[in-house]
Amino acid sequence: MMPKINKNIIIGIAIVAILFFAGIIGWTLFQREKVLIPEEIITEEVYSLSGIVSKVDTKNNFLMVRPTGEESEVKVIITEDTKLFKILYSSERGNPEFVTERVEITIEDIKERDRVFIKTNINIAGIKEFNDVDYIEVL
């Protein structure tokens, strides 16, 4: 015959079991937080973008560009160090071979709805306005 188990012993065992499992769950969550890398450490590096020109301000030397695949625009400030080029394709030059030519232009030659490629000297990930631009190519 089995000995009679006291009600207090059953409650004590249940409390110990609950605390044991709560400790395991808490430790697991704590370890998961330690493994996750903070967002500021995971940084994307972007040094170029392509998009469509939505505004050309020749007076203040900047372009508003909507990067490909994005809804928001970025402000690209053109400085005296920024080189501006237009890529001419062989069909535009009457050449039957597929050849491209890079021709220097001015900001006045850039028009709204032009497709551009912009190469910067700084990381522009998440930045909506920048001025350290190496060159801009009108495609």
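Data for the structure
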item: Per-residue Cβ neighbour rank within 10 angstrom, fewest leading, L139, L49; result: L139, L49
item: 12 Å beta-carbon shell around S50, net charge (K/R +1, D/E -1); result: 0
item: Charge sum, other residues only, whose C-beta stays under 13 Å from S72's C-beta, Lys/Arg counted +1 and Asp/Glu -1; result: -1
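Every number in this text was worked out from the coordinates using simple rules, so none of it is lab data. A quick note: this is a predicted structure, and the numbers were derived from the prediction, not measured. Quick reminder, even Gly has a Cβ in these numbers, built from the backbone with ideal geometry, and neighbours come from all protein chains shown.
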